[in-house]
Structure formats: structure tokens, C-alpha cells
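Q: Sharing a structure, written as C-alpha cells. Questions coming.
Any read-out appearing in this document is the output of simple, stated calculations on the displayed coordinates, not a laboratory observation. None of these values were measured; they are calculated from a predicted model. Don't worry about glycine lacking a Cβ; one is built from the backbone with ideal geometry, like all the others, and counts go over all protein chains shown.
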Amino acid sequence: MADWQERKQVGDAHERRVHTELRARGWDVTGWGLGALPPAFSADISHSGNRLRYLPDLIATRRGDLVAIDCKDSMRRIPRYSIKRECLEFGIQFCAVFKTPLLYVFGNLGVLTPAELQAYPALVGPPAPTGAYVLVDGNRTRRFDDVFGTRTYATAS
């Protein structure tokens, strides 16, 4: 199993990729959540058990639209991703309280909402052995371009 630092590097790279892809589609994007906080604060919140640790990674706006984005990738080469059930529950509550769409963007650039994951069990793969995670079949997600629009300009890789 990969250690935390390896998983963080994969996650950070995916977050940068999502940020770049959104900018290429005309979205203004900024970091949010734990990644936008000083490391000491981020570590304290992560270890506290407080649900603030599930705040989305990015916030994006375009022509009056506002969305929160949580980037989810995998260490595996197959398009299967996991979301902690607590994180999914927080996502449902986040949307209800802030009246702001929350979108999970997976490593294959597939997109789903917390409500879609909760409402459509067919999007979810076989149950995780502990039940603490929801496993998402990346082949059953919506296309990034369908959600965020097509590229309006090229970006460097």
C-alpha cells in the first residue's frame, strides 16, 4: 500500500490537472479547503476528526456560475475510485447548507455529484470490505466536457 506522501503527490498532481482543465474552459479557479490553509492548520484539522477536513479542494466561477470541486484520484491504473462515506455525507450537507453545487472530479476526469452517488447505487462498484468507503466505477461518470464545457483555449501540459 502506498504511503501518505505518495498518495498526496498523486492527489496534488490531479488537483493541478483539474485546475488547468477548468482554466482552459474559461473558469476562474482557486484552491480551497485544507490545501489553501497553512500546513499546521491543515494538519490539525485533518487529525481533529472535524468534518471541515472534507471541504472541497477547489472553487470555480464562470459567468455567474459557482461550483465547488473535490478532486479524487486513485493509485491504481483502473478507473475505480473511493470516497469515504463520511466525505460523501459531508458533500450532501455542504450542498444543502451552502446551496452550492459540489462536483467530484475523478482521475479519468469523470464527474459526479454527491447526490448522484447516493441516489444511483449502480454508479458504485462492489461494496468495500469495511463499508467505510464508497467505490466508484469511473466508467459510469459524466464527461468533464459535458459538465464544464469544451476547451476555449489550449494550455500547456
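Q: Using a cut-off of 18 Å between alpha-carbon atoms, which lysines can reach Lys72, once sequence neighbours fewer than 8 places away in the same chain are excluded?
A: Lys8, Lys84
Q: Then there's this: Please work out the FRET efficiency for the pair Thr30 and Leu135, using the Cβ-Cβ distance as r and a Förster radius of 22 Å; give the result to the nearest 0.05.
A: After rounding to 0.05, the efficiency reads 0.15.
Q: With a ≥ b ≥ c the root eigenvalues of the C-alpha gyration tensor of region 4-148, is it rounded (a/c under 1.5), prolate (a/b larger than b/c) or oblate?
A: rounded
Q: Using Cβ contacts closer than 10 Å as the measure, can you line up Phe106, Phe144 from fewest to most?
A: Ordered by Cβ neighbours within 10 Å, fewest first: Phe144, Phe106.
Q: Remind me, relative contact order of the chain in percent, using alpha carbon pairs under 8 angstrom and six or more residues apart?
A: 23 percent
Q: Also, quick follow-up: Please work out how much length the chain gains when fully extended from Ala115 to Thr61, using 0.36 nm per residue of separation minus the C-alpha to C-alpha distance, in nm with one decimal.
A: 17.3 nm
Q: Which stretch or stretches of region 40-77 have amide N atoms under 12 Å from the point lying 7 Å from Val10's Cα along the Cα→Cβ direction?
A: Residues 72-77 fall inside that zone.
Q: Still on this structure, please answer the following. Longest exposed-loop-site-free stretch of the chain, with trypsin sites (Lys or Arg not before Pro), DSSP loop and at most 15 other Cβ within 10 Å?
A: My reading of the result: 1-62 is the longest stretch.
Q: Could I ask something else about it? Would you order Glu15, Glu116 from fewest to most other beta-carbon atoms within 10 Å of each residue's own beta-carbon?
A: Glu116, Glu15
Q: When Cys71, Cys87 are ordered from fewest to most other Cβ atoms inside 10 Å of their Cβ, what list results?
A: Ordered by Cβ neighbours within 10 Å, fewest first: Cys87, Cys71.
Q: Then there is this: Could you give the size of the charge dipole of the chain about its Cα centre, using +1 on the Cβ of each K and R and -1 on the Cβ of each D and E, expressed in debye and rounded to the nearest 20?
A: The calculated dipole for the chain is roughly 280 debye.
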